[in-house]
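Participant: Got a structure for you, questions after.
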Amino acid sequence: MSIKLCTLASGSSGNCTFIINNDTGLLVDAGISYKSIFQSLKSIDICTSKIKALLITHEHSDHIRCAGVVSRKLNIPIYANEKTWDAICPSLGKVSLENIKIFETGTEFEIEDIKIKSFNIPHDAIEPVGFAFQMESIKIGLATDLGEFTQEAEESLKGSDFVLLESNHDIEMLKAGRYPYFLKRRILSEYGHLSNMAAGHAACELVNSGISTIMLGHLSKENNFPELAYETVKGIMKEKEIKIGWDVDLNLAPRNNASRLFIWD
């Protein structure tokens, strides 16, 4: 068994996550350039020939900007639910029929030796999803772009060894910032993005369910900064008597470059 995970970018400027089990590599979202993806994979000694598929969480441009290019360059399928496929088609360019793969949200499917289950998340997209990946005894969960941490998300992530969890904004920074009022309302709504405070409480729920490694992701460039996200979540954990480094390994996903590489042997 050799399982690895690395976020290649995580934020409003672009998102892409890499997961590999033995020789089966997957990308989740492709909101950054193909060149950036290629260079990041090269930096962790991963050949693009190991990438077998691209999975899409939802249709926003910071998640699909380069999806069509990635599919054509690597000749790999794109997996999305039907409503998301309908929404992204005009933006992808030509994708060969054999590389169009549609899954039903909530059902389990497999790509070689990786079992995948999608789950609904509350966000202002047509049918956004998070993902849970099962690889032998290791489970990895991805949950970003969600306005609230729902029971469905919690249940879907339960039993994970690692969770990428959104910690998008500081509420006071957002309220005082330069975003127009309608955008502030959207971000703060139940279909927007998780704040640092909400992420802290969600992270505590995850730790209490047995999850030992959490990475905070999708941090806003305008309304957050890494130290604030980390310290806010850390403070909430401290109130709940959860010790970082003992009960949980807490990490941050960089906005514009690759994260540390997580490895399970």
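Participant: Among residues belonging to the stretch 224-265 that are within 22 Å of the chain's Cα centre (by Cα), small (G, A, S) and closer than 16 Å to N196 by Cβ, point out the one that is surrounded by the most Cβ atoms within 10 Å (Cβ to Cβ).
Facilitator: Across the stretch 224-265, the extreme among qualifying residues is A253.
Participant: Next up: Kindly indicate which of I19, I56, I46, I76 is more than 21 Å from L252 (Cβ to Cβ) and either of a type in the set (S, T, N, Q) or crowded, with 22+ Cβ neighbours inside 10 Å (or both).
Facilitator: I56
Participant: Could you pull out the residue among E104, E127 that is of a type in the set (D, E, K, R) and in contact with a His (Cβ under 8 Å, 6 or more places away or on another chain)?
Facilitator: E127
Participant: Now a separate question. Where in the stretch 44-101 are there helices (runs of 4 or more DSSP H), lying fully within it, with 2 or more residues that are modelled with pLDDT under 95 and in contact with a His (Cβ under 8 Å, 6 or more places away or on another chain)?
Facilitator: Once the helices (runs of 4 or more DSSP H) in the stretch 44-101 are filtered for at least 2 residues that are modelled with pLDDT under 95 and in contact with a His (Cβ under 8 Å, 6 or more places away or on another chain), nothing remains.
Participant: Regarding Y191, is this residue aromatic (F, W, Y), surrounded by fewer than 18 Cβ atoms within 10 Å (Cβ to Cβ) and either at negative phi or modelled with pLDDT of 95 or more (or both)?
Facilitator: In short, yes.
Participant: Ok, one more. Would you please name the residue that is nearest to N257 (Cα to Cα), looking only at residues in the stretch 185-242 that are among the hydroxyl-bearing types (S, T, Y) and part of a loop (DSSP other than H, G, I, E, B)?
Facilitator: The qualifying residue nearest to N257 (Cα to Cα) is S220.
Participant: Listed residues S160, S96, S71; which is within 18 Å of the chain's Cα centre (by Cα) and polar (S, T, N, Q)?
Facilitator: S160
Residue by residue, here is whether (1) over 16 Å from V28 (Cβ atoms); (2) among the polar types (S, T, N, Q) holds:
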{"position": "I56", "(1), (2)": "no, no"}
{"position": "R65", "(1), (2)": "no, no"}
{"position": "I78", "(1), (2)": "no, no"}
{"position": "V95", "(1), (2)": "yes, no"}
{"position": "I100", "(1), (2)": "yes, no"}
{"position": "T105", "(1), (2)": "no, yes"}
{"position": "A143", "(1), (2)": "no, no"}
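Participant: Need a quick list: strands (runs of 3 or more DSSP E) entirely within the stretch 118-171 having at least 3 residues that are modelled with pLDDT of 95 or more and under 13 Å from I214 (Cβ atoms).
Facilitator: 138-143, 162-166
Participant: Turning to a different aspect of this structure: Does N251 meet the test of being farther than 30 Å from D23 by Cα, at pLDDT 95 or above and not β-branched (V, I, T)?
Facilitator: No, not satisfied.
The values are calculated or read from the model by the stated rules, or taken from the named source; none is laboratory data. Quick caveat, the model's predicted, so the values are computed rather than measured. Backbone-built Cβ (ideal geometry, glycine too); neighbour counts: all protein chains shown.
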